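Have a look at the structure that comes next, please.
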Amino acid sequence: MDLILARNRTDLIKARGGGTLALVPTMGALHEGHRSLIRLARDRADHVVVSVFVNPLQFGPGEDYSRYPRTFDADLAACREEGVDVVFAPAAGDMYLPDRQVSVCAGEMGRIVEGASRPGHFDGMLTVVLKLFNLVRPDVAVFGQKDAQQLSMIRRMVADLDVPVEVVGAPTVREPDGLALSSRNRYLSAGERRVALALSRALRAGAGEPTPARVRAAASKVLAEAPPELELDYLVLVDPATFTEVSDPYEGEAVLAVAAKVGATRLIDNMVVRLGR
Ligand code: AMP
């Protein structure tokens, strides 16, 4: 069966057959990271829907909504290659009613770490994800660990609002030199790309350490030695479920997360670290 392109709810309803359904929400500009999510989705369900939607609600003023990379033809080709059943690519006007009132509030967790740097981002992200869940009605939805706080917030929303979907997290896909794949990497010049490597280097340095203080110190040291083109936003070591900072003594998994601007491009990355014992 060839790929179905659904532009609105009516198309989607027509396209929905029997069997289980997995959804992979994306903003397009698909890369190997997205493809790994699609493959995981194919393993987990009979049919795969990929949504391609650059969600205006999750971009703040002064962020890159209008210049966010849009490569729709290449995205369709990638989805076809990966055996996707349906690409759902609504226009912003089809997603949001002009007089819309109600949206999802991410709560306190939406205002810390990444949410502190991007006010309103998680409200906008959760609102579109809940709408996509309601439109597509997937059994399973796959999200990348690359956006660790996003993944935690979606799990939180599903638990708090009793959303009937299984959320599956997928590991971060990296370039051989460690740079986490991101649609925004294409903004980077060759020089900036080299500078950006400090992010994954810092995470790797921290990940080998046994205590929160030593994890933070090792990662900070690498970032402090990075060229001045790297402007650090935050480096945190947090509880994976709540995104609150962990302190000594701590045992178990924590997320070491970093955000920085390299030139005009804001990048985020993280690694799960195991502490204690
Ligand atoms: P985006 O198109 O950036 O909104 O991302 C769509 C989905 O792909 C999200 O669940 C991301 O976490 C995931 N994703 C983005 N980059 C990567 C990566 N390098 N490895 C794995 N998943 C990723």
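Sum -39500 (n - 2.57) across every DSSP H segment of at least 4 residues in the chain, then divide by the residue count to get the 222 nm mean residue ellipticity, nearest 500.
-10500 deg cm²/dmol
Let me have the relative contact order for segment 1-156, percent, based on Cα pairs under 8 Å that are six or more residues apart.
Normalised by residue count, the contact order of segment 1-156 is 33 percent.
Dimensions of segment 128-207 along principal axes (Cα, Å, largest first)?
Taking the Cα atoms of segment 128-207, the three principal extents are 45, 27, 17 Å.
Right, next: In what sequence, highest mean first, do 63-69, 199-205, 17-23 appear when ranked by Cβ atoms within 10 angstrom?
Descending mean neighbour count gives 199-205, 17-23, 63-69.
With the cut-off at 1.5 for a/c, could you classify segment 2-55 from its C-alpha gyration tensor as rounded, prolate or oblate?
Cα axes put segment 2-55 in the oblate bin.
A further question on this structure: When the C-alpha atoms of segment 1-128 are aligned to their principal axes, what extent does each axis show, in angstrom, from largest down?
44, 32, 27
Taking the Cα centre of segment 89-247 as the origin and placing charges on Cβ (Lys, Arg +1; Asp, Glu -1), which of Ser200, Thr244, Pro212 is farthest toward the positive end of the dipole?
Of Ser200, Thr244, Pro212, it is Ser200.
Using just the alpha carbons, could you tell me how many Å³ per residue the convex hull of segment 200-246 encloses?
Given the Cα convex hull of segment 200-246, per-residue volume reads 75 Å³.
Okay, next question. Pop out the carbon and sulfur fraction of the accessible area of the chain as a percent, whole number, probe 1.4 Å.
Whole-percent figure for carbon plus sulfur exposure: 52.
Here's a follow-up. Would you work out the charge dipole size for the chain about its Cα centre, treating the Cβ of every Lys and Arg as +1 and the Cβ of every Asp and Glu as -1, and quote it to the nearest 20 debye?
Dipole magnitude for the chain comes out near 240 debye.
Now, a different point. How large, in Å, is segment 49-202 by the Kirkwood hydrodynamic radius built from its alpha-carbon pairs?
One decimal place: 17.3 Å for the Kirkwood radius.
Right, here's the next one. Averaged across orientations, what area in nm² does the convex hull of the alpha carbons in segment 123-164 project?
Hull-based average projected area comes out at 2.8 nm².
Please sort 224-233, 71-80 by packing, taking for each peptide the average over its residues of neighbouring beta carbons within 10 angstrom, highest first.
Output ranking for 224-233, 71-80: 71-80, 224-233.
Okay, next question. Let me understand segment 57-113 better: what is its radius of gyration from the alpha carbons, and its Dmax, in angstrom?
Using the Cα atoms of segment 57-113, the pair Rg, Dmax is 15.8, 40 Å.
Roughly what percent of Cα-Cα pairs across the chain reach past 25 Å?
Cα-Cα pairs of the chain separated by over 25 Å account for 47 percent.
At 1.4 Å probe radius, can you tell me the per residue accessible area of segment 192-262 in Å²?
Result: 47 Å² of accessible area for each residue.
Compute the relative contact order of the chain as a whole-number percentage, counting only Cα pairs closer than 8 Å that sit 6 or more residues apart in sequence.
About 17 percent, as a whole number.
Next up: In 5 Å bins starting at 0, how do the alpha-carbon pair distances of segment 132-261 split up by percent?
That works out to 2, 9, 17, 19, 18, 14, 10, 7, 3, 0, in percent per bin.
Now for a different question. Relative contact order for segment 119-236: what is it in percent, counting Cα pairs under 8 Å that are at least 6 residues apart?
Worked out over segment 119-236, it gives 17 percent.
The values are calculated or read from the model by the stated rules, or taken from the named source; none is laboratory data. Note that the structure is predicted; figures quoted are calculated from it, not measured. Using ideal geometry, Cβ is built from the backbone for each residue, glycine included, and neighbour counts are taken over all protein chains shown. With ligands, DNA and RNA removed, areas are computed over all heavy atoms of the protein, side chains included. Shrake-Rupley method; radii C 1.70, N 1.55, O 1.52, S 1.80 Å.
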